[in-house]
Amino acid sequence: MRERMTMLLIRNATLPDGRTGVDLLARDGAFEAVAPNLPQPEGAQVLDAQGWLVSPPFVDAHFHMDATLSYGLPRVNASGTLLEGIALWGELKPQLTQEAIVERALRYCDWAVAKGLLAIRSHVDVCDERLLAVEALLHVKRQVAPYLDLQLVAFPQDGVLRSPGALDNLIRALDLGVDVVGGIPHFERTMGEGARSVRLLCELAAERGLRVDMHCDETDDPLSRHVETLAFETQRLGLQGRVTGSHLTSMHSMDNYYVSKLIPLMAEARLSVVANPLINITLQGRHDSYPRRRGMTRVPELMAAGLTVAFGHDCVMDPWYGLGSGDMLEVAAMGLHVGQLTSTTQMRGCFDAVTTNAARVVGLERYGLEPGCRADCVLLQARSPVEAIRLRAQRLAVVRAGRVIAHAPPATAQLALAGRPPQVDFTSGH
Ligand code: FE2
């Protein structure tokens, strides 16, 4: 007998575009109808959204799952810098086992699901003869596939040219099924070598029909201009719309005149941009006294120029960052503050940076709340995307392919005050 697929009817949702009183019907894993007052099909499970916000799930466009939850192993980053983090990861690498990477990654994916984060692009370090992390994360990718889309980037942490054997290892990782070509031009020995690494990695991606996502110019050095080469190679090789520049923190410190030429070139190449606010604000500016730079790339200007800009979490409890919980609303809130993105449109843009924009960066198909999309969504205890950011809203329910895979009670506090309401939930009301 054919297994009966479940039907889920979500009643009375508010959508990110502001529509209220909307029902969403999921059948056979996909949204079938999204409209007010849908009839209830026989046998459908009903989820009453009570007017709360239903959003497509969160997407993290930039993460390091091979390092996550390793905080303190073998020691803590004392200086707090990117470079000590890389050195620390180098100390930890020989001690890693596949079992430990898999266990930590799966634990993180549990957190992600509970936070409504159902798609992650993770870089995986390929500077290791054994490709231990690659094999571990390919295993994790298969294991979590029913509930989380994990996309992997072949990331030569120690420099594809600077680290002996790194290019061969990167190609082996792609052969094993890693999806995207990564790079780290600012960590190569010279600016020239950095530019050469961008060229050869983009050529490799073009040959194989793959996307590119490079750690690019993750430095406070205003003369780190590899993003210029990345945009040029993207156009030369016809990779428009398939290439992402991650971090781009040097843009924070660049000369305004140069940036006025650079951003149009990036737009022409249809580069995507991923800023990692929590990490940029903590790792950058470490060589400054005061004033101390924020380090995040020029998000408002890049958004205004029409580039697709996403926010990534980058790190959770690893050699670079001791905090985090997989909460993309925390990421959005930090991006909003660091970038001073306080207009209504900009605040809304910060929500898009961890949902629709991130989905575009990763190239997710069938993402959204329209009929035909996979029935993935998150029910947030908020009335709007901006309120969701303000409250880091509780994830009341997380739905994957029409099935509730996580849920949590509303976040409320009980009051014992004469003449005042018995409880508060911090939302602004209808
Ligand atoms: Fe990163």
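Under the convention that each Lys and Arg Cβ holds +1 and each Asp and Glu Cβ holds -1, the size of the dipole of the range 200-266 around its Cα centre is about 340 debye. Solvent exposure of the range 58-362, expressed per residue, is 36 Å² of accessible area, with all protein chains present and a 1.4 angstrom probe. When the chain is treated as a GNM with alpha-carbon contacts under 10 Å, the residue of GLY192, GLY368, GLY80 showing the greatest mean-square fluctuation is GLY192.
If you roll a 1.4 angstrom probe over the protein chains with everything in place, what fraction of the accessible area of the range 58-362 belongs to carbon and sulfur, to the nearest %? Taking all protein chains in place, the range 58-362 shows 53 percent carbon and sulfur surface. Largest GNM mean-square fluctuation among LYS141, LYS115, LYS261, using the chain with Cα springs under 10 Å: LYS261. Rounded to the nearest 20, the size of the Cβ-charge dipole of the chain about its Cα centre is 760 debye, with Lys and Arg at +1 and Asp and Glu at -1. The mean sequence separation of alpha-carbon pairs under 8 Å and at least six residues apart, normalised by the residue count of the range 1-110, gives a relative contact order of 22 percent. Each of CYS350, ALA105, HIS64 was placed along the dipole of the range 58-362 (beta-carbon charges, centred on the mean Cα), and the one lying farthest toward the positive end is CYS350. Can you grab the distance from the C-alpha centre of the range 354-401 to the C-alpha centre of the range 1-52, Å, no decimals? The range 354-401 and the range 1-52 have Cα centres spaced 15 Å from each other.
Here the contact order of the range 169-271, divided by its residue count and restricted to Cα pairs under 8 Å and six or more residues apart, works out to 26 percent. Heavy-atom accessible area for ARG11, with the other protein chains in place and a 1.4 Å probe, reaches approximately 60 Å². Between the alpha-carbon centres of the range 157-187 and the range 220-267 there is a gap of 21 Å. A simple charge model with +1 on the Cβ of Lys and Arg, -1 on the Cβ of Asp and Glu and nothing else charged puts the dipole of the range 1-55 at about 20 debye relative to its Cα centre. Rolled with a 1.4 Å probe across the full set of protein chains, the surface gives GLU103 an accessible area near 90 Å².
Residues considered: SER122, SER55, SER325. Largest GNM mean-square fluctuation over the chain, using C-alpha springs under 10 Å, is found at SER325. Think of the chain as having a plus end and a minus end, set by charges on the Cβ of Lys, Arg, Asp and Glu; of THR14, ALA269, LEU341, THR14 sits farthest toward the positive end of this dipole.
Quick check on the chain: helices-only [θ] at 222 nm, where DSSP H runs of length 4 and up contribute -39,500 (n - 2.57) each and the sum goes over total residues. Nearest 500, please.
Computed ellipticity for the chain at 222 nm equals -10000 deg cm²/dmol.
Once C-alpha pairs closer than 8 Å and six or more residues apart are averaged by separation and normalised to the residue number of the chain, the relative contact order reads 19 percent.
The values are calculated or read from the model by the stated rules, or taken from the named source; none is laboratory data. Remember, predicted model here, so these are calculated numbers, not experimental data. Neighbour counts run over all protein chains shown; Cβ positions are idealised from the backbone, glycine included. We work out accessible area using only protein heavy atoms, side chains counted, and drop any ligands, DNA or RNA first. Shrake-Rupley method; radii C 1.70, N 1.55, O 1.52, S 1.80 Å.
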